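*Asks:* Structure provided below as structure tokens; questions to follow.
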Amino acid sequence: MIAYHFPPLAGSSGIQRTLRFAQQLPDYGWQPIVLTIQPHAYERCAPDLLRELPPSLPVERAFGLDSARHLAIGGRYPGWLARPDRWTTWRFDAVRRGLRLIREHGIQALWSTYPIATAHVIGAALQRRSGLPWIADFRDPMAQENYPADPATRARFLDIEKASAHRAAAMVFTTPGAARIYQQRYPNAARKMSVLENGYDEASFADVERKGTPQPLNPGHLTVLHSGIVYPWERDPTHLLMAIATLKRDAPHVAHRLRLRFRAPVHEDLLKRLATQQGVTELIEILPATGYKEALAEMLAADALLVLQAANCNEQIPAKLYEALRCRRPVLCLSDPNGDTVGVLRALGLHTHAALDDATAIARLLTDFVRAEDAAESYPRPDPAQVALASRDARTAELARLLGTVTAGQMGARPNDA
């Protein structure tokens, strides 16, 4: 399993996909071996998830550098040192170590995961030199219109995609929209593409819930929590803050009941600037990163959970959405009604969403939530039985079926058909 996102890296929900697969695959007859990068390549580390690595899990950490931090002079570095990404140097030692692991452990299959594209470069190199079946876990689309902005980097992304379409035994995506894009882009490889969504880890929730009923985050107020990164473009909070300002002006009884909390948003300056511009600083809380289970506990204690996703990411679903659904709290989703994120809610019978760029609709959504809570009415919540289908364990079972398929050389079946 070739993955950049792995403990002790901190600050990315992307860790969960590889970590939980690695934990749970032995229950389905597969022994994973993780090939990742040495921790000095991470901008920030935290020990909490290291404690969750199974003692029997081999983890090989190859040498690699972050070009922006280790190879820059005066804050600048040559563009080729960041193609396809800032960790391109990882591939040299990773391929060497990967070949040794293949020889020593009798590896039967390779799996590499984006969004660090160098992982797929490593996967392709190991497949070429070993002949083993390779699963390229794309998660989200790589090359998109106007992304990456640098033409040379985008061309490199396309080269990696083409190599995957040619060499991989399977190409996996986390949303139907992403799979559809690649089926159209590489029709000759469409038969080996499938969807394996993200999910939530039930064991982590159970550990948190054993500690008892969570206390309210802001007694006397309704706390709407966004846990995770707020991207300036992909999760632009501008209209959300405008909606809060509108409520403060036109419906102060609603606004004053609300507290909008952002946990580990990364772009704190953007949020502070917008809150100041809109005159709602007293209604906004911006808090630093915390441990994974502490973050889950906070989500369980929130009055509602906020999910942001712009229309330019219609083929992507925030991984946090699945954890939000598992919390069994009201989920307020600000996203394009035509996107895959809202599609997940609709499949669960939930219509608690508004467009991310529609301040009027957002204000209405927040007002409906506050009025329902104040009237002790049952605000829509997801059905636990349906949400259970998105557990990481269920996703791991799908991956195990796919591994069985590719190692048997029967790529005609999709994971759910195997």
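Any read-out appearing in this document is the output of simple, stated calculations on the displayed coordinates, not a laboratory observation. Keep in mind the model is a prediction, meaning the values are calculated, not measured. Cβ atoms come from the backbone with ideal geometry, glycine included; neighbour counts cover every protein chain shown.
*Asks:* Once you keep just the Cα pairs under 8 angstrom separated by 6 or more residues, what percentage relative contact order results for the range 54-185?
*Replies:* Relative contact order here is 20 percent.
*Asks:* A follow-up question, please. Could you give each residue of the range 166-173 its phi-based ³J(HN,Hα) in whole Hz, using Karplus coefficients 6.51, -1.76, 1.60 with θ = phi - 60°, and x for Gly or Pro?
*Replies:* 7, 9, 5, 6, 8, 10, 10, 10
*Asks:* Calculate, in whole percent, how much of the Cα-Cα pair population of the range 203-388 lies beyond 23 Å.
*Replies:* Result: 37 percent of Cα pairs exceed 23 Å.
*Asks:* L274: net charge of surrounding residues, Cβ under 12 Å, Lys/Arg +1, Asp/Glu -1, itself excluded?
*Replies:* -1
*Asks:* Now for a separate question. Can you list the lysines whose alpha carbon is less than 17 Å from that of K211, not counting same-chain residues fewer than 8 positions off?
*Replies:* Cross-link targets: K293.
*Asks:* Shifting gears a bit: Using the Cβ atoms and a cut-off under 13 Å, what net charge is assigned to the surroundings of R51, where Lys and Arg are +1 and Asp and Glu are -1?
*Replies:* -2
*Asks:* Pairs of alpha-carbon atoms within less than 8 angstrom and 6+ residues apart define the contacts here; what relative contact order does the chain have, in percent?
*Replies:* 15 percent
*Asks:* Spelling out what I want: for every residue of the range 157-165, take phi, set θ = phi - 60°, compute 6.51 cos²θ - 1.76 cosθ + 1.60 (Karplus), and round to whole Hz; glycine and proline get x.
*Replies:* Once θ is set to phi - 60°, the couplings for the range 157-165 become 4, 5, 4, 5, 4, 5, 5, 5, 4 Hz.
*Asks:* As a test of the formula, what do you get for the chain when each DSSP H run with n ≥ 4 contributes -39,500 (n - 2.57) and the sum is divided by the residue count, at 222 nm and rounded to the nearest 500 deg cm²/dmol?
*Replies:* After summing the helix terms and dividing by residue count, I get -12000 deg cm²/dmol.
*Asks:* Name the residues whose placed amide hydrogens come within less than 5 Å of the amide hydrogen of L35, ignoring near sequence neighbours (fewer than 5 apart) on the same chain.
*Replies:* I2, A3, E60
*Asks:* Let me ask something else about it. Using the charge dipole of the chain (Lys, Arg: +1 at Cβ; Asp, Glu: -1 at Cβ; taken about the Cα centre), state which of L348, I362, P265 has its Cα farthest towards the positive end.
*Replies:* It is P265, whose Cα lies furthest towards the positive end.
*Asks:* List the lysines whose alpha-carbon lies under 22 Å from that of K162, not counting same-chain residues fewer than 8 positions away?
*Replies:* Answer for K162, where 22 Å is the Cα cut-off: K192, listed by chain and number.
*Asks:* Percent of Cα-Cα pairs per 5 Å bin, from 0 to the last occupied bin, for the range 75-225, please list those.
*Replies:* Reading upward from the zero bin: 2, 8, 15, 16, 15, 12, 9, 7, 7, 6, 3, 1, 0.
*Asks:* Using a cut-off of 17 Å between alpha-carbon atoms, which aspartates and glutamates can reach K272, once sequence neighbours fewer than 8 places away in the same chain are excluded?
*Replies:* Qualifying aspartates and glutamates at Cα under 17 Å: D236, E282, E285.
*Asks:* With Rg and the Kirkwood Rh both taken from Cα atoms, where does Rg over Rh land for the range 277-322?
*Replies:* Result: Rg/Rh = 1.03.
*Asks:* (1) 81, 52, 35; (2) 66, 52, 41; (3) 61, 52, 51: which one is Cα extents along the principal axes in Å as calculated from this entry?
*Replies:* Identified label for the calculated read-out: (2).
*Asks:* Residue by residue through the range 385-402, which ³J(HN,Hα) values in whole Hz follow from phi under the Karplus form 6.51 cos²θ - 1.76 cosθ + 1.60 (θ = phi - 60°), with glycine and proline marked x?
*Replies:* 5, 6, 5, 4, 5, 9, 5, 4, 4, 5, 5, 5, 4, 5, 5, 4, 5, 5
*Asks:* Tell me which residues come under 5 Å, amide H to amide H, from V195 once H is placed; ignore anything under 5 positions away on its chain.
*Replies:* F173
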